[in-house]
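Each remark here refers to the structure printed beneath this line.
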Ligand code: AHG
Ligand code: MN
Ligand code: MN
């Protein structure tokens, strides 16, 4: 596993350089979810694939930017699903973005996730690794230095409500309004990596990306986005649910499947569960 973390660090250093110097324009291509790919999406994907292809313990990889699973080393033990540059459309307005990695064994499914890593590219580059606990590292003079463990409080102060508000269910709108009426502050940049990183570092709160009338299964992808962050939140003492149950219990039927998702500290997630249960159809 150490060699995988080292490979991710190397990819982070190369992607940092790409973000700083690369062309933020669109390519001619779309990914499997139908998003127009930016040149940065494709280039960061290539950086990671090329670095991972040299790591013998990686059996297969699958990227948000590629249609299918790519076999790497037959005798490898680990399967990695990754989003090479989440929030890539924010680079041209100079907001923070990230890379997300889920490390699986045997099969790409939530219950087989054994570690996850994300990298935030902001004013500083930070890497967070979740295994039995959650550790944060920062890039300083070309090397990642350990900074702190991350642990959520039982209750936080931040609310990050995602998706298109006029497509929300009335009970979801009521829930978000009630949370704001209780004094929570809005923190939403449109990049899940910095938005979730902020909640993790400021002790807690709620990030939601619900199912909506235009996207009943939400937008965020299970293998590359939802599961890796669910693992981080659970190991930090919080929860990640689809409104009802742990997202990590979802059985993935297709590698690009999405799911409604809620990440947060215990008090906020329990509140979501109560509201969703009361409105279950
Ligand atoms: P990507 O750039 O990989 O397609 O993902 C962006 C995601 C995520 O980072 C963010 O939380 C969400 O899209 C924002 O969506 P809305 O603008 O619909 O809230
Ligand atoms: Mn993404
Ligand atoms: Mn992406």
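Throughout, read-outs are computed from the coordinates displayed, never taken from laboratory work. Note that the structure is predicted; figures quoted are calculated from it, not measured. Cβ atoms come from the backbone with ideal geometry, glycine included; neighbour counts cover every protein chain shown.
Assorted remarks:
- One quarter of the convex hull surface built on the alpha carbon atoms of the chain amounts to 14.0 nm², the projected area averaged over directions.
- Region 48-164: projected area of the alpha-carbon convex hull, averaged over directions, in nm²: 10.0
- Of 82, 276, 104, the sequence from fewest to most neighbouring Cβ atoms within 10 angstrom is 276, 104, 82.
- Proxy reagent accessibility, fewest Cβ within 10 Å first, across 51, 103, 61, 80: 51, 61, 103, 80
- The relative contact order of region 94-247, computed from alpha carbon pairs under 8 Å that lie at least 6 residues apart in sequence, is 26 percent.
- Helix 192-201 axis, angle to the chain major axis (alpha carbon atoms, nearest 10°): 70
- Label point 7 Å beyond Cα of residue 151 along Cβ direction - residues of region 251-278 with amide nitrogen under 11 Å: none
- 222 nm mean residue ellipticity, helices alone, for the chain (DSSP H n ≥ 4; -39,500 (n - 2.57); rounded to 500): -9000 deg cm²/dmol
- When each of 127, 1, 136, 192 is scored by the number of other beta-carbon atoms lying within 10 Å, the sequence from fewest to most is 1, 136, 127, 192.
- The chain: angle of helix 170-181 to the longest principal axis, Cα-based, in degrees nearest 10: 90
- Across region 77-182, the mean sequence separation of Cα contacts (distance under 8 Å, 6 or more residues apart), normalised by length, yields a relative contact order of 14 percent.
- The angle between the Cα long axis of helix 266-278 and the main principal axis of the chain comes to about 60°, on a 0 to 90 degree scale.
- Estimated translational diffusion coefficient (Stokes-Einstein, Kirkwood radius over Cα pairs, 25 °C, 0.890 mPa s) of region 206-281: 199 µm² per second.
- Between residue 185 and residue 74, the FRET efficiency estimated from the beta carbon spacing at R0 = 45 angstrom works out to 0.35.
- Relative contact order (%) - region 175-281, alpha-carbon pairs under 8 angstrom, separation at least six: 29
- In terms of overall dimensions, region 15-98 has a Cα radius of gyration and Dmax of 13.5, 43 angstrom.
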